[in-house]
1. May I ask you to say which residue of ARG11, ARG58 is open to solvent by 30 Å² or more (accessible area, probe 1.4 Å) and within 36 Å of the chain's Cα centre (by Cα)?
2. Does ASP71 satisfy the condition of being open to solvent by 20 Å² or more (accessible area, probe 1.4 Å), under 23 Å from GLY136 (Cβ atoms) and in contact (Cβ under 8 Å) with a residue 60 or more places away in the chain?
3. On the given criteria, is VAL662 of a type in the set (A, V, I, L, M), open to solvent by 10 Å² or more (accessible area, probe 1.4 Å) and over 22 Å from ASP277 (Cα atoms)?
4. Just to be sure, is ARG197 assigned to a helix (DSSP H, G or I), farther than 28 Å from PRO90 by Cβ, within 22 Å of the chain's Cα centre (by Cα) and at pLDDT below 90?
5. GLU162 versus (1) assigned to a helix (DSSP H, G or I); (2) free of Cβ contacts under 8 Å to residues at least 40 places away in the same chain; (3) over 33 Å from the mean Cα position of the chain (by Cα): which is the lone unmet condition?
6. Keeping to the range 19-46, report how many residues are open to solvent by 30 Å² or more (accessible area, probe 1.4 Å) and either within 34 Å of the chain's Cα centre (by Cα) or modelled with pLDDT under 85 (or both).
7. Starting from the range 109-124, keep only residues that are under 16 Å from PHE512 (Cα atoms), then list their pairs with residues that are part of a helix (DSSP H, G or I) and at pLDDT 90 or above whose Cβ atoms are within a distance under 6 Å, requiring at least 6 positions of separation or different chains.
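The values are calculated or read from the model by the stated rules, or taken from the named source; none is laboratory data. A quick note: this is a predicted structure, and the numbers were derived from the prediction, not measured. Neighbour counts are summed over all protein chains in view; Cβ atoms, including those assigned to glycine, are modelled from backbone coordinates with ideal geometry. For accessibility, only protein heavy atoms count, side chains too; no ligands or nucleic acids. Shrake-Rupley method; radii C 1.70, N 1.55, O 1.52, S 1.80 Å.
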Amino acid sequence: MKRSLIAKISRPVIVLVAVMFPLTVWAALLALRSNRNDVKDWLPDTFQATQEYHEFQRHFGDETFVLVSWDGCTLDDARVPELAELLTRPPDGVPRYFDKSISGPAVLERLISAPTSLSMDEAVERLRGTLIGPDGRQTCLVLTLSDLGREHLQASLTQVYETAEQRLDIARQSIRMGGPPVDNAAIDQEGERMLLRLMVLTGLVGLSLAWWFLRDLRLTAMVLVGGIYSAAICLALVYVLGGTMDSILLTMPSVVYTTGLAAAMHIANYYRHVREDTGLEGAAAGALRSAWIPCSLSAGTTALGLISLCISELVPIRNFGFYTALGVVVTVVFMFVYLPCALQIWPPKPSTGARGHASPIHLRRMRRLGVGVIAWRRWAWLFFMAAMLVGGSGLYHAKTTINLMSLFSPDAEIIQSYQWLEKELGPLVPMEIVVRFDSRQDELSQLDRMKIVEEVQLAAESIPEVGGTMSAVTFAPDLSPRQAGGLRGALLSASSYRSVLNRRLTAHRDEFIQERYLADDEDAHEELWRISLRVAALADIDYGAFIEHIEDATEPVIQKHRQESDAGPIGVVYTGMTPVVYMAERALLNGLVESFAGAFVMIAIVMSFVLRDVRAGLLTMLPNVFPMTVVFGLMSWFGIALDIGTMMTASVAMGVCVDDTVHFTYWFRQGVRHGMHHRDATVMAYENSAGPIYQSTAIVAFGLLTFAMSSFMPTRRFGLLMFTLLSCGLVADLALTPAILAGSLGRYFAARLRLRPGDAPDSESSTLPVDAFTSPHT
C-alpha cells in the first residue's frame with residue numbers, strides 16, 4: 001500500500017520540532033524581557049490630544065516626576081533635603097537615576113526670601129495641595145528622572161526605597177510614592193507578577209480537562225506539548241517581528257495556548273473517528289483530511305475576531321489583536337503539521353468504547369439531548385430573542401472608563417499609596433493649561449501677562465475637582481496693586497510700583513523657564529505660560545465633563561483680554577494626562593463598536609462564502625452575537641463600565657464562538673449531503689459534534705478563567721468576561737443553532753449541496769461513514 005505523505009515526513013518533522021523548541025523558548029523569553037508600559041503611548045500620534053501633549057513635552061519637558069513622602073515627612077524634617085541630595089548626587093559608582101528635585105521646604109524657603117518676600121502664611125497657602133498638605137505641615141519631595149532613570153523605572157524606585165531606608169532610617173512600609181513613572185512601573189509589575197503562576201495554572205487546567213475528555217495519557221501529552229509550543233511560538237513572533245510586550249499583551253500566550261489545545265482536541269477527535277471507521281493505517285492522514293477544513297475555518301474566524309481589534313485606536317489593544325491573531329493562525333498550521341506526525345509515530349491505544357465522547361453511551365446522550373432541543377426549538381427561539389432584546393436595549397447606556405487606578409486591585413500597594421498621598425497632600429493626576437501669547441507683541445509687559453495667567457489660574461482653582469495649582473505666579477511676588485498710604489505709598493506711585501515689579505519679573509524670567517513654567521516657541525513666535533493642575537486619581541471623575549468645566553471657567557478670562565487688546569492671549573491649550581485619558585476613553589468605546597462591527601462583517605462574509613448563501617452566513621452569526629448582546633447589555637443596565645480589559649473580549653469571544661458553529665454546521669451539511677432530512681441532519685450533527693464543541697469550549701473557558709486570580713484588573717476582567725461570554729456562547733450554539741437548522745431556515749444552510757443519497761446512514765445510527773467528513777466540499 002502506498003504510504004501517505006504524513007507517514008513519509010513524520011520523523012523529520014518531529015526531529016525539527018524538537019530542535020526548534022529551545023530556540024523558540026529563547027525568543028519567547030527575550031520577548032517577555034521587553035515588557036514596558038507607558039500610558040502616554042497608548043494613543044496614536046495622529047490624535048490631536050497626543051500631538052498637543054507631545055508639543056507640551058517638547059517645551060516643558062516630560063512629566064517623569066516621582067513624588068515621595070512618608071509618615072512624618074513635615075516641613076521641619078531634615079531628612080527631606082538629605083534624601084534629595086543623596087538621590088540627585090549619588091556617590092561614585094551608583095547610577096544617577098534622578099536629575100533634579102524640588103521639595104516643600106526648599107520652595108517655601110525660596111518664597112519667603114527676597115526677592116519674593118512672602119509671609120509664611122502666604123507661602124504655605126500657595127503650595128497647599130501640591131507640595132504641602134491641607135494641614136500646612138505635611139510635605140513631599142518631587143524627583144525628576146534622568147534618561148537612565150526613564151529606561152530603568154523599577155531600579156529607580158528601588159533606589160529611592162533603599163536610600164531612604166538604609167541611609168536615613170525611614171521605614172520602607174511608611175514610604176509612599178506617586179506620579180506617572182510610578183503608575184507605569186506598577187503596571188509593569190502587576191502584569192508580570194502573576195504571569196508565570198497564571199501560565200502554569202492555565203496549563204494545568206488545560207491538561208486536566210484534555211485528559212478528562214480524551215482519557216488517554218499519550219494523546220493528552222501530544223495535545224499538551226502542542227499547546228505549550230503554541231504559547232512559545234506566539235511570544236517568539238513578537239520578538240522576531242521587532243515588537244515589545246506590554247501588560248495587555250501578556251495575556252496572549254494563555255489565549256493562544258487554550259485555542260491551540262482546542263484545535264488539537266478537534267484534530268484528536270477527528271483522528272478517533274477515522275481510526276474507528278478505517279483502522280490504524282492512514283488514520284493520521286485521514287484525520288488531517290477531515291480536520292483541515294473545519295479547523296481552518298474555526299481558526300480563520302477566531303483570527304478575524306482578533307484582527308478586528310486592530311481597528312482600535314488604543315495601541316495595546318491593537319497590538320493584542322494583531323499578535324494574537326497571528327499566533328492563532330501559526331498555531332493551527334503548526335498543529336496541522338505536528339499533531340498528525342506525532343499520531344503517526346506514537347499512535348494512542350484504540351478506544352475501548354467505554355469512555356470518551358465517541359463511546360456509544362455518550363453518543364446516545366448527545367442524540368437524546370439533540371432530539372429534546374429540537375422538540376423545544378420554538379421556545380428556544382422565544383427565549384433567545386427576548387434575552388437579546390433586553391440586553392440590546394441596555395447597550396445604549398454603555399459607558400467606558402480608563403482610570404489608571406482601576407487597573408489595580410483595591411489592595412494593591414499603589415492604591416494604598418495614592419489613598420495616603422491624596423489624603424495627606426492632595427490630588428496627583430496632572431492636567432496642564434498652556435496660555436499662548438504672541439512673542440512679537442510688546443504691548444503687554446511681563447507683569448501684564450503674568451496677571452492674565454494668574455486670572456486663568458484662579459478661574460481653574462474654582463472647579464471643585466481641582467486640588468492644587470502651580471504656575472510661574474506661584475514663584476512670583478504678590479502681583480496685587482500696592483495700597484497707597486504712609487511714606488512709602490507717597491514716594492512710590494502705583495505706576496512706579498508696577499514698573500519696578502515688572503523689571504523684577506523680567507530679571508527673573510530665566511528662572512521661570514528653568515522651573516518649566518515658561519517657554520519660548522521660537523518657530524511659532526509664541527510665549528507659552530504653563531499652569532499645572534492636580535486632579536484626584538481615585539475619584540470617579542467624568543473627564544469629558546471636567547474638561548468642559550475647565551474650559552467654561554477659563555475661556556471667559558481669555559476672551560475678555562483678547563477683546564481688550566490685540567496683544568492679549570492668542571489661545572489656550574488644555575493638555576496633560578487628563579485630556580489624554582479622556583480621549584482614550586472615547587477611543588475605547590468607539591473601538592468596541594467598530595471592532596465588533598468589523599468582526600461581524602468579516603466573519604459573516606466568510607461564512608456566507610463557505611455556505612454559499614448570504615442568509616445562511618447572517619443566521620450563523622445569530623448565536624455568536626447573542627453572548628455579547630446579553631452580557632454587555634446587562635453590564636450596561638447595572639452600570640458596570642467597560643475598560644481596556646473587557647473591551648477586547650467582544651470580538652475575541654465572537655471569533656471563538658463561531659468555531660463551534662462551524663463544526664456544527666459542517667456536520668449538518670454532511671448529513672444533508674447524504675440525503676438526510678434537516679431534523680435528522682441536525683440530530684446527527686448534535687450527536688457527533690456536541691461533545692467536541694463543549695470539550696473545546698470548556699478548555700478555553702476554564703483556561704481563561706484562571707485569569708480571575710490575577711491582581712492586574714484588566715487581566716482579571718478579561719478572564720471573567722471571556723468565561724461568561726464563552727459559556728453563554730456554548731448555550732447558544734447547542735440550543736439556538738440546532739433550532740435554526742432544524743426549522744425552515746435550515747434550507748439556507750443546505751443550498752447548492754450536491755446530494756449523495758446512496759451513502760445515507762442506516763436507521764440504527766446517525767454516524768456518517770468516513771468519506772462523509774473527508775469530502776473536499778464544504
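1. Details: ARG11 fails: within 36 Å of the chain's Cα centre (by Cα).
After applying the criteria, what remains is ARG58.
2. Details: open to solvent by 20 Å² or more (accessible area, probe 1.4 Å): yes; under 23 Å from GLY136 (Cβ atoms): yes; in contact (Cβ under 8 Å) with a residue 60 or more places away in the chain: yes.
When the stated conditions are applied, ASP71 passes them.
3. On the way: of a type in the set (A, V, I, L, M): yes; open to solvent by 10 Å² or more (accessible area, probe 1.4 Å): no; over 22 Å from ASP277 (Cα atoms): yes.
Considered against the rule, which asks whether it is of a type in the set (A, V, I, L, M), open to solvent by 10 Å² or more (accessible area, probe 1.4 Å) and over 22 Å from ASP277 (Cα atoms), VAL662 comes out as no.
4. Details: assigned to a helix (DSSP H, G or I): yes; farther than 28 Å from PRO90 by Cβ: yes; within 22 Å of the chain's Cα centre (by Cα): yes; at pLDDT below 90: yes.
Considered against the rule, which asks whether it is assigned to a helix (DSSP H, G or I), farther than 28 Å from PRO90 by Cβ, within 22 Å of the chain's Cα centre (by Cα) and at pLDDT below 90, ARG197 comes out as yes.
5. (3)
6. Narrowing the range 19-46 to residues open to solvent by 30 Å² or more (accessible area, probe 1.4 Å): 19-23, 25-26, 29-30, 32-34, 36, 38, 41, 45-46.
From the residues that got through so far, the ones that are either within 34 Å of the chain's Cα centre (by Cα) or modelled with pLDDT under 85 (or both) too are 20-23, 25-26, 29-30, 32-34, 36, 38, 41, 45-46.
Result for the range 19-46: 16.
7. Every condition considered, the pairs that remain are LEU111/ALA123.
Conditions tested, residue by residue: (1) surrounded by 24 or more Cβ atoms within 10 Å (Cβ to Cβ); (2) in contact with a strand residue (DSSP E or B) (Cβ under 9 Å, 6 or more places away or on another chain); (3) at positive phi; (4) not in a helix (DSSP H, G or I).
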{"position": "LEU201", "(1), (2), (3), (4)": "no, no, no, no"}
{"position": "LEU209", "(1), (2), (3), (4)": "no, no, no, no"}
{"position": "TRP212", "(1), (2), (3), (4)": "no, no, no, no"}
{"position": "LEU219", "(1), (2), (3), (4)": "yes, no, no, no"}
{"position": "CYS234", "(1), (2), (3), (4)": "yes, no, no, no"}
{"position": "ASP246", "(1), (2), (3), (4)": "no, no, no, yes"}
{"position": "ALA262", "(1), (2), (3), (4)": "yes, no, no, no"}
{"position": "ARG272", "(1), (2), (3), (4)": "no, no, no, no"}
{"position": "ARG275", "(1), (2), (3), (4)": "no, no, no, no"}
